[in-house]
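Report on the structure given below.
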Amino acid sequence: MSKKKTSSGSEAQESFTFRLGIIFSLFAVFALALCVRLSYLQISQHDILSARSEKQYQRTVKIDYGRGQILDRNGVLLATNLETESIYVSPQAIYEKERTARALSKALRMNLASLRKKISSKKQFVWIKRKSTLGEAETVRQLDLAGVGFVMEHKRFYPKRELASNVIGFVGMDNQGLSGVELRQHSLLKGFTQLKIMEKDARGRSISSFDSIAPNKGSRDIKLTIDEVIQFTTELHLREQVERFQAKSGFAVVMEPYSGEILALANIPGFNPNQYLSYKPSTWTNHVVSSSYEPGSIFKPIVASAILDKNIAQPEETFFCEDGNFKFGKKYIREAANHKFGHLSLKDIIAKSSNIGSVKIAQKLGVENFFEYINRFGFGQKTGVDLPGESSGQLKSLEDWSARSIASISFGQEIGVTPLQMVSALSAIANGGRLMQPKIAKAIMKNGKEFKAFPSRAIKRAISPQASKKMTGILKAAVKEGTGKNAIIDGYEVAGKTGTAQKIDPKTKSYSQTAYLSSFIGFVPADSPRLAILIMIDEPKKKHWGGTVAAPVFQKIAKQVLRYLNVPSTKEKVFILDRA
């Protein structure tokens, strides 16, 4: 009996020892596995896990800084940056949400419902007011609201307000160019992006504010061909005439004929790019580049230049102008103001602005030659100006011309041209026959110095120097003896042409008897031109003749700009010769 009990106890002891060994073995394996796992996490995965941890306790926000400045040709600031504060919230750190929403709504004059929604967001970071005013930021700071913070940003600022606004354009909230030079040159002007890190506690609450703005990383500036003084002068006189004649709008371009550099480009009415959202989007459009119009009689020098270049006719050659009533096909062509011209020389056809004379010139030139020269002068194609939204105008292919097209186009109907195309074509007549590419950007600037210049470029030859000289003589006569007398400037010879184009009535689809586009285009000094200027007044009231409405604006602008540029008058030249 005792032997059996002893044997049974021994077996139980051995079984217990065996089970205990298994348990210890399992614990040992578990401990070893835990050590291996900890080693793996602490050594192999250290960097990855650290990054994840930091991500949970940090919020990164991208802020754009250092956008390049825009300068006029003399270095005058047209667009720059101001430091301003933007206001944000960390919703998880706001416990009195209703009180905070009401306080911010009153301080910033913002919609209360919108603020409630932002403050109740599940996000860790929410913008409240980007690029606030100095007063707004200070008012909110004094409220000392929990969960409300500030970050320094750059705000675009246009010190000249409306001046050249359609050229310069504007930027969006994140400093992306949206129009004008700001859009076209965005890749050069965009500046740099700085990552701002906001640290948070375990509950996601902000525990530190943003760093200050990093030093400028060498952004590039753009110098324009625009001259601030010439731009101001152009806008001033154009605006006065638009207001005087209660016109719908007005456009003007001042260009250097030999280089294609645009010294002034004006659209009236304009807008203040500092507050562009306060204006109708239609006022943002640069109509000089983006819109096309039937030019009327200012197109007549194109057909005259073509026939001179082809040597088919000379300035003194006469054409019979049908005593003011010319049957062309099934319809009659008549002169403006019921003039009844008989025989007129080519020179007088332009000077007196004879519609029938222009048709006769075009007929003698021929359809194919006329179409060729329209293309040579750049119509129906973009000029390539470095501004966004350029239109190519409206020119039908030769196959789509009707039997009447040659007549209509000869005096500026049935064709659409942009103001920029028109002044570029006139510049080709002025400079000896070369069609220049218009340009608005003069150079890239870096650290205050010229880094890269944009060269002038001749696109093609429109007419010969000989034809250019003959046409200049004709255009001088158009000012001295013809419809452009109001453009005469004492001491300077002016070459130019008036235009009075009937507009299409959108309701009747026929030419209006009340809506006109009044224009004058010219260059001065005629034989050594420094300025080519186009003036267009859209739908003036009371009077509509180009010589009455537009030519005086040309005269005022040109007179002041010539003095500003120190271009000597003929009187000054005589005085110098007398002294010699």
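The values are calculated or read from the model by the stated rules, or taken from the named source; none is laboratory data. In this text, all values refer to a predicted model and were calculated from it rather than measured experimentally. Methodologically, a virtual Cβ is constructed for each residue, glycine included, from the backbone with ideal geometry; neighbour enumeration extends over all protein chains shown.
Yes/no matrix, rows are residues, columns are (1) among the small types (Gly, Ala, Ser); (2) under 22 Å from residue 69 (Cα atoms); (3) free of Cβ contacts under 8 Å to residues at least 12 places away in the same chain:
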{"position": "394", "(1), (2), (3)": "no, no, no"}
{"position": "403", "(1), (2), (3)": "yes, no, no"}
{"position": "407", "(1), (2), (3)": "yes, no, no"}
{"position": "413", "(1), (2), (3)": "no, no, no"}
{"position": "418", "(1), (2), (3)": "no, no, no"}
{"position": "424", "(1), (2), (3)": "yes, no, no"}
{"position": "439", "(1), (2), (3)": "no, yes, no"}
{"position": "447", "(1), (2), (3)": "no, yes, no"}
{"position": "455", "(1), (2), (3)": "no, yes, yes"}
Those residues of segment 371-412 which are of a type outside the set (A, V, I, L, M, F, W, C), buried (at least 19 other Cβ atoms within 10 Å of the Cβ) and under 22 Å from residue 326 (Cβ atoms), in sequence order:
405, 408, 410, 412
Only one of these is among the charged types (D, E, K, R), closer than 16 Å to residue 258 by Cβ and modelled with pLDDT of 95 or more: 442, 470. Name it.
442
Within segment 250-279, restricting attention to residues that are of a type in the set (Gly, Ala, Ser) and buried (at least 18 other Cβ atoms within 10 Å of the Cβ), which residue is nearest to residue 555 (Cα to Cα)?
252
Is one or more of the residues making up segment 235-243 at pLDDT 95 or above, crowded, with 24+ Cβ neighbours inside 10 Å, closer than 30 Å to residue 173 by Cα and touching a helix residue (DSSP H, G or I) at 6+ places or on another chain (Cβ under 9 Å)?
no
Would you check which residues across segment 387-423 are within 14 Å of residue 262 (Cα to Cα) and part of a loop (DSSP other than H, G, I, E, B) and list them?
387
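One line per residue, one yes/no per condition, for (1) outside any loop (DSSP other than H, G, I, E, B); (2) under 30 Å from residue 164 (Cβ atoms); (3) without any contact (Cβ under 8 Å) to a residue 60 or more places away in the chain:
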residue: 73; (1), (2), (3): no, yes, no
residue: 79; (1), (2), (3): yes, yes, no
residue: 86; (1), (2), (3): yes, yes, no
residue: 92; (1), (2), (3): yes, no, no
residue: 95; (1), (2), (3): no, no, yes
residue: 102; (1), (2), (3): yes, no, yes
residue: 105; (1), (2), (3): yes, no, yes
residue: 110; (1), (2), (3): no, no, yes
For segment 103-147, give me each residue that is out of contact with any helix residue (DSSP H, G or I) (no Cβ under 7 Å at 6 or more places or on another chain), of a type in the set (A, V, I, L, M, F, W, C) and within 22 Å of residue 174 (Cα to Cα).
125, 127, 134, 137
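Counting just the residues of segment 132-184 that are among the small types (Gly, Ala, Ser) and more than 28 Å from residue 70 (Cα to Cα), which one comes out nearest to the chain's Cα centre (by Cα)?
The selected residue is 149.
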State yes or no: is residue 487 surrounded by fewer than 20 Cβ atoms within 10 Å (Cβ to Cβ), among the aliphatic types (A, V, I, L, M) and either in the same structural domain as residue 344 (by TED's automatic domain parsing) or within 30 Å of residue 314 (Cα to Cα) (or both)?
no
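Filter segment 424-440 for residues that are part of a helix (DSSP H, G or I) and under 19 Å from residue 388 (Cβ atoms) and give the result.
424
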Mind listing whichever residues of segment 348-382 are farther than 22 Å from residue 496 by Cβ and among the acidic types (Asp, Glu)?
368, 372
Answer from 548, 508, 498 - the residue that is without any contact (Cβ under 8 Å) to a residue 40 or more places away in the chain and out of contact with any Leu (no Cβ under 9 Å at 6 or more places or on another chain):
508
So which of 341, 370, 328 is touching a Lys or Arg at 6+ places or on another chain (Cβ under 7 Å) and touching a residue at least 60 places away in the same chain (Cβ under 8 Å)?
328
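Any residue at all in segment 503-515 that's buried (at least 18 other Cβ atoms within 10 Å of the Cβ) and over 24 Å from residue 259 (Cβ atoms)? Steps first, answer last, please.
Applying the first criterion (buried (at least 18 other Cβ atoms within 10 Å of the Cβ)) to segment 503-515 yields none.
No; the residues of segment 503-515 include none that is buried (at least 18 other Cβ atoms within 10 Å of the Cβ) and over 24 Å from residue 259 (Cβ atoms).
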Quick test for you: out of 352, 360, 310, pick the one residue that is buried (at least 16 other Cβ atoms within 10 Å of the Cβ) and under 28 Å from residue 458 (Cβ atoms).
310
